[in-house]
Structures are given as structure tokens and as C-alpha cells.
Amino acid sequence: MHKTRATGTEKRTGETQATTEALYDAESRELAPLRDNPASPYFTGDPRLRIDRRHFLLGSVAAGAASAISRSARAVPLGAVEHEVPPDASRTQGYPLDDESYGSRSQFEAEVRTRFKTATPQSSWTFTPLQKSTGIITPSGLHFERSHGGTAVIDPSKHFLYVHGLVREAKKFSIPDIRRFPSISRIMFIECSGNGLTEWSKPTLRTVQGTHGLTSTSEWTGVPLSIVLNECGVRSNARWLLAEGGDGAAMTRSIPMAKAMKDCFLAYGQNGEALRPEQGYPLRLMIPGFEGNMHIKWLRRLEVSDAPFMTREETSKYTDLLPSGKAVQFSFEMEAKSVITFPSGEMMLDGPGFYEITGLAWSGRGTIKRVDVSTDGGKTWHQASLQSPVLPICHTRFRFAWKWDGKLALLQSRCTDDTGYVQPTLGQLIAVRGLNGPLGSIYHLNAIQTWQVASDGKVSNVQHY
């Protein structure tokens, strides 16, 4: 089946309509100032300003862009410090190094996480700006967030991890206790299983940040969970583990003991420093390849059992609805998935010519072995180049050289992992999962994404399968 539907704003009813319109409106508000900023990938002004960034930075631009420059000069991006821009930086001293500092990014870079307006900011999520990502590592300050009771504020000197249940000896570990164990570091992605939840039944959000921004990759440092469990002596009939967070939501999930002993670890570090508070400071459970909700933040308790605990988060939520109305539980692994980040939704191409298509691919089951790119909606496929490093359970950057002829194009990427799993089309996924629920399904959407490039260069989110 081939079906192309452009992003629309048809009226919906009840809760679904309100949710969809709120997300769409929030994205519109976030896009509005970016359309006036020549440094943004969503700039819609004079293409000459977008092409020659140097002229923009020096202020030598057309009078028609004066208001945009005025606004950008007044608005210092988050994480940046404003400094005067000299006419020629090679002819003057730069600003001095501080005796003590933490560092900041350039005042000309403005990408931020964005929170779509859920009913409460405590139970909400923010999206990583994949549209301007480079390489595979996500800066800690741009790693996506998902919280159910806000960001917990915890004094590490008063925080403990309790391990009990089917163990020979229940124990309490302080953060210094855990840091004394042998440590590991692993570059690994996390993805919320609700990533793309608005896109099942129709294309709704317009940017790659909105459609795919609930995934990020960091280098995580911590202690193998097996070491801590072995310290307590796991009994022979232990089959499951309950992990509980120390936040206001007391997030709890059941973890198979085989997985816990295989490759899970207790992280206290992220990208060379301590965890950020929104990522679970001072201790987070890491479960390579499993859905993000299971990576329990602010970890305070592990209970060993012979059966799963059937918590709220694995019964009423985080299950996969089927066409029959039944739901699949414990669908832990994140299947292979990819997305083109450039060009992607709401960007403008500057006319026919050469472009490098680039994006990210990942799999919770293993390593990405191949990515193919199509510019004609899946009629023909061409193998993309994979940028090193290519690591298991990690974002992989792919690249493909494309010469656009100025005609309508449908851009897609399709990845294959080392288990032989091939990323499905949306039609193939819907055939199995159906479209039950207020937005269709909710979790584990890993279908091929389509970006339509119109003849005027405008890129938009469409469904084509």
C-alpha cells in the first residue's frame, strides 16, 4: 500500500483533539522566532543570509533583515554568554579566561530542548534538538528528559540504595560505597518508548525534534549491577527485580533477572561528569537497549523476587495495544530505527544542487549494520555510509551524497541491525499493531519516516507507505 498524507490540522474531538492541538500550537510558538534567525535551520528569510553566515555575524546584511538581527542580538541563547563581536577577531585580543568557570557555548548557537505543554510541567517531557546534532553524542544539557513527578533534588550524602528480597543478606549502599566498586563506561542511547506517539495515525508534528526527539546518546559511567547483586547473594529462585526511584512519582518497574545480571549497570556519571539532576542524580539504573521508562532515575531500592511485580507502569501504561483490544506486556526492547535529521521537517533547501543527507540509526538489540536512503519514497534504495564509531546499542551517524534536481522528493532512511531485523514501513507496523487508542497506538513506533521536499525547497512531514 502506498499512501501519502501531508501534515494537517483537521479538527479532532475530545481529549485527542485537545492533546494534538496543544502539541501543534506549542511547536508553532517555538518555530516562530527561529524562522527569523538566519543561524537556525528553520530560517525562512532571504536565502543569501542563510548561505553567507559571515555577513550575518558581522551585521552586513540587507535592510529587510534588520529587525531579525535586532531581536537576535537582544536574546542571548540559553547556556551562552554575550560578548561584543569585533570587526576582525584576528586583530584584537579575545575575552580572558576566568580563574574559575564552567564554560558556555557560543552566543550564536541557540538549540535547546523544548517541552511541549502537557497539563503539568512535573509530569512532562522535553525533546532533544536532533535537527542540528553532529556526530552521535548528545550534550548533557540537551539530553531529552522524561519525568513523572518533576526533577528530584537529592543530597548524595543522604541517599542510599537498598537491596532486599530473595537475597542471602539485605544491604544498604551509600553513594561512596557504590563508587568504590570497579567501574565501567559505555556509550549508549536511551529512547522513550513513547517517541513519536503523535505520528501513528497521521503526521502531526513538523520537525524532527518533535517527531523523534525523545532519544539521546551519552557516555555513561557506573558499576555493573551484577557486582552489587552478588554482594547481597541472589537466591537460586530469583527471576525478577523491582527497581524503584526516589522521586515524587516513586517510579517502579520489573526487570528480568537474566537482563539485570547480563549488562545492566548503576550510573553515577554522564559525559565525563556527574549525572545531571534531570537524568537521575545521584544514581540511575541503566538497562541497555530497553525502553527509557525502565532506566529508573534517582534509584533508591532494588527488590529481588521470583515473579514480576505488575506495577502501574507495566499494566495500565507502557504496554502495546493490539487490534484485538488486548495489550502486550513486557515489550522491553527498542527495535531498530532511523531518521534523517538533515534535511528534515520545516527546513528550506536553497535550490537544486548537492546536499549531504545525514541522520541517526539505532537498535536496542545490537549494532547497526546498514542504512539505506531513498529519495523517491522507497521505490529505489541506495546504501549510505556509516560514520565511525559504530557501536552496539548506540546512535550511529549515517551520510549520503544527494544531488537534488529541484523536483518533489520523498526522503526516507531504512536501517538493518546485526540480528537481521529491517526497519519496517508504517503500513507494515500498523498491520500488526492496528490503530486503537486516542492517537492510534502509543509506544514503540519505529517505522520509516518520510520527509517531503517540495519544488520550492520546503521540507515537511508526510506519511508515505
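The values are calculated or read from the model by the stated rules, or taken from the named source; none is laboratory data. Quick caveat: nothing in here was measured; it's all calculated off a predicted structure. Positions of Cβ are generated from backbone atoms using ideal geometry, with glycine treated the same way; all protein chains shown enter the neighbour counts. Accessible surface areas use protein heavy atoms only, side chains included; no ligands, DNA or RNA. Shrake-Rupley method; radii C 1.70, N 1.55, O 1.52, S 1.80 Å.
Things worth noting here:
- Some residue of segment 424-433 being in contact with a strand residue (DSSP E or B) (Cβ under 8 Å, 6 or more places away or on another chain), among the charged types (D, E, K, R) and assigned to a strand (DSSP E or B): no
- Qualifying residue in segment 255-263 (condition: among the small types (Gly, Ala, Ser), in contact with a Leu (Cβ under 6 Å, 6 or more places away or on another chain), crowded, with 20+ Cβ neighbours inside 10 Å and over 30 Å from Arg206 (Cβ atoms)): yes
- Output for segment 365-385, where each listed residue is without any contact (Cβ under 8 Å) to a residue 60 or more places away in the chain, open to solvent by 50 Å² or more (accessible area, probe 1.4 Å) and more than 19 Å from Gln452 (Cα to Cα): Lys369, Arg370, Gln383, Ser385
- Condition check for Thr419: of a type outside the set (A, V, I, L, M, F, W, C), within 21 Å of the chain's Cα centre (by Cα) and either farther than 19 Å from Ser133 by Cα or open to solvent by 10 Å² or more (accessible area, probe 1.4 Å) (or both): no
- Filter result (among the charged types (D, E, K, R) and out of contact with any Asp or Glu (no Cβ under 8 Å at 6 or more places or on another chain)) within segment 418-457: Asp418, Asp456
- Output for segment 186-201, where each listed residue is farther than 24 Å from Glu219 by Cβ and out of contact with any helix residue (DSSP H, G or I) (no Cβ under 7 Å at 6 or more places or on another chain): Gly194, Leu197, Trp200, Ser201
- None of Glu21, Glu15, Glu100 is modelled with pLDDT under 70 and out of contact with any Leu (no Cβ under 6 Å at 6 or more places or on another chain) except Glu15.
- In segment 316-349, the qualifying residues are those that are part of a loop (DSSP other than H, G, I, E, B) and among the aliphatic types (A, V, I, L, M), and the one that is nearest to Leu429 (Cα to Cα) is Leu322.
- Options Phe342, Phe309, Phe290; residue that is within 30 Å of Gln452 (Cβ to Cβ) and aromatic (Phe, Trp, Tyr): Phe342
- Those residues of segment 163-179 which are open to solvent by 40 Å² or more (accessible area, probe 1.4 Å), outside any loop (DSSP other than H, G, I, E, B) and touching a helix residue (DSSP H, G or I) at 6+ places or on another chain (Cβ under 7 Å), in sequence order: Lys171
- Members of segment 289-308 that are aromatic (Phe, Trp, Tyr) and either outside any loop (DSSP other than H, G, I, E, B) or surrounded by fewer than 18 Cβ atoms within 10 Å (Cβ to Cβ) (or both): Phe290
- The set of residues in segment 436-457 being outside any loop (DSSP other than H, G, I, E, B) and either open to solvent by 20 Å² or more (accessible area, probe 1.4 Å) or among the β-branched types (Val, Ile, Thr) (or both) consists of Thr450, Gln452, Val453.
- Selection count where residues are within 24 Å of Asn195 (Cα to Cα) and open to solvent by 20 Å² or more (accessible area, probe 1.4 Å), scope segment 333-364: 3
- Taking segment 197-218 as the range and being in contact with a Lys or Arg (Cβ under 7 Å, 6 or more places away or on another chain) and either polar (S, T, N, Q) or open to solvent by 20 Å² or more (accessible area, probe 1.4 Å) (or both) as the test, only Lys202 passes.
- Members of segment 87-145 found to be in a helix (DSSP H, G or I) and in contact (Cβ under 8 Å) with a residue 24 or more places away in the chain, listed by number: Leu130, Gln131, Lys132, Ser140, Gly141, Leu142
- Which numbered condition Ser185 misses (of (1) assigned to a strand (DSSP E or B); (2) open to solvent by less than 60 Å² (accessible area, probe 1.4 Å)): (2)
- Filter pass, Asp405 being over 20 Å from Gln452 (Cβ atoms), at pLDDT 95 or above and either acidic (Asp, Glu) or touching a Cys at 6+ places or on another chain (Cβ under 6 Å) (or both): no
- Condition check for Leu285: more than 28 Å from Gly135 (Cα to Cα) and either open to solvent by less than 20 Å² (accessible area, probe 1.4 Å) or among the charged types (D, E, K, R) (or both): no
- Glu231 vs. criteria surrounded by fewer than 20 Cβ atoms within 10 Å (Cβ to Cβ), within 21 Å of Thr128 (Cβ to Cβ) and in contact (Cβ under 8 Å) with a residue 24 or more places away in the chain: no
- Looking across Ser218, Ser254, one residue alone is more than 30 Å from Thr134 (Cα to Cα) and in a strand (DSSP E or B). It is Ser254.
- First in segment 164-183 and touching a residue at least 24 places away in the same chain (Cβ under 8 Å), second anywhere and polar (S, T, N, Q) and in a loop (DSSP other than H, G, I, E, B), Cβ under 8 Å, 6 or more apart: Leu166/Asn237
- Flag if Thr44 is at pLDDT 50 or above and not in a loop (DSSP other than H, G, I, E, B): no
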